[in-house]
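Heads up: the structure comes next, in structure tokens.
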Amino acid sequence: MSTARQSAGVRLTDYEPTCADFRSEFVAGLRRRPRRLPCKFFYDAVGSELFDRICETPEYYPTRTELRILEEAANELAAFCGPRCRLVELGSGSSLKTRRVLDVLADPVAYVPIDISHQHLWTSAVRLSHEYPNLELLPVCADYGQDLELPVSIRHAERTVVFFPGSTIGNLEPLEAIEFLQRIASWCQPGDRLILGVDLVKPVEILEAAYNDASGVTAAFNLNLLARANCELGADFALEHWSHRATYNPTWQRIEMHLVSASRQRVRVGEDEFAFADGEAILTEYSHKFSLRGARELARAAGWSPRESWTDNRTWFGVLGFER
Ligand code: AVJ
């Protein structure tokens, strides 16, 4: 069930995961071997802020590279989307990239940002409603890995365009990614569009630096997951006994991010207790890297036909356009 929250021009559909969802997934993840926690829980209010700060570090190139690509491809993108579309965005965060798209679209009918971070989503949607007074804003607070129903716009939309930027698809393993793109296809009609951002394979030094920024923002982002568990689940992680690790695995073409126990220790999470060995790691995130070809094949396997691709002059990041 969802509930709604409304302000002038903004109607929010709320499927926000509850504290009980967080608790059960967190504890289940710690019971797994190897232990792993779902990366979607990074994005509480503090985590969403930290993520925005990651995007501004000199080492984290994906955001600014993708922004440049979107800017330079603006007219082609607009033509690809066509007039009067309903723009759906997955993991919209601060909707920074969306402005680049909204600014060039021909008379867009509605914008449906989907994000797990309630406050962030609401604030960005209200801000957008002032900037785009003719656009219907239909934010959905949800874990988009779960089933959800897209809100319907008042004005008729010629087509739905799903915008999935940031290489967030890379959080999923390839088979999960295909299943996920199939689910997106099931929200769409033949002729609808998908615009997918993917981070491309490149030298390991550049990749690892992007996830180990010198100012420590990525480390803080990773550790915030434990701080959040302390706050919301009554856990007692001693943050100074945990450290951030992010390394590139060339076999699977992905960054693997971990929280590593710096000592032999026991941790309570509410009623449950967990023992960690010195050096034991909890996997918190995969961030897969792609080739343009590999990304096309992935989407093709999910029922999307490749139509367009845009990249930067170093081919560090790709933005791909598909048709259902
Ligand atoms: C938002 C999932 C695309 O994997 O690069 C950034 C998240 N994690 N630094 C990524 C992230 C650490 C980011 N995505």
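The values are calculated or read from the model by the stated rules, or taken from the named source; none is laboratory data. Predicted model, so just to flag it, every value in this text is computed and none were measured. Note that each Cβ is placed from the backbone with ideal geometry, even for glycine, and that neighbours are counted across all protein chains shown. Surface accessibility is based on the protein's heavy atoms, side chains included, excluding ligands, DNA and RNA. Shrake-Rupley method; radii C 1.70, N 1.55, O 1.52, S 1.80 Å.
Taking square-rooted eigenvalues a ≥ b ≥ c of the alpha carbon gyration tensor, is region 1-155 rounded, prolate or oblate, where a/c under 1.5 means rounded and, failing that, a/b exceeding b/c means prolate? Oblate is the answer for region 1-155, as a/c is 1.5 or above yet b/c matches or exceeds a/b. Taking all protein chains into account, the per residue accessible area for region 5-104 stands at 46 Å² (1.4 Å probe).
Restriction of the trypsin sites (Lys or Arg not before Pro) in region 14-46 to DSSP coil positions whose beta-carbon has at most 13 other beta-carbons within 10 angstrom yields Arg32. The Cα atoms of region 117-223 give a gyration tensor whose axes a ≥ b ≥ c have a/c of 1.5 or more with a/b no greater than b/c, which makes the shape oblate. Across the options Ala301, Leu135, Ile282, the greatest Cα extent toward the positive end of the charge dipole of the chain (unit charges at beta carbon of Lys, Arg, Asp, Glu) belongs to Ala301.
For the chain, the mean residue ellipticity at 222 nm estimated from helices alone is -10500 deg cm²/dmol, where every DSSP H run of n ≥ 4 contributes -39500 (n - 2.57) and the total is divided by all residues, rounded to the nearest 500. Can you tell me the orientation of helix 45-54 relative to the chain, as the angle in degrees between its alpha-carbon axis and the longest Cα principal axis, to the nearest 10? Helix 45-54 and the main axis of the chain meet at about 80 degrees. Pairwise alpha-carbon distances in the chain exceed 36 Å for 18% of all pairs. The portion of the accessible surface of the chain made up by carbon and sulfur, rounded to a whole percent, is 50 (1.4 Å probe; DNA, RNA and ligands excluded).
Solvent-accessible area per residue in region 115-246 equals 41 Å², computed with a 1.4 angstrom probe and all protein chains kept.
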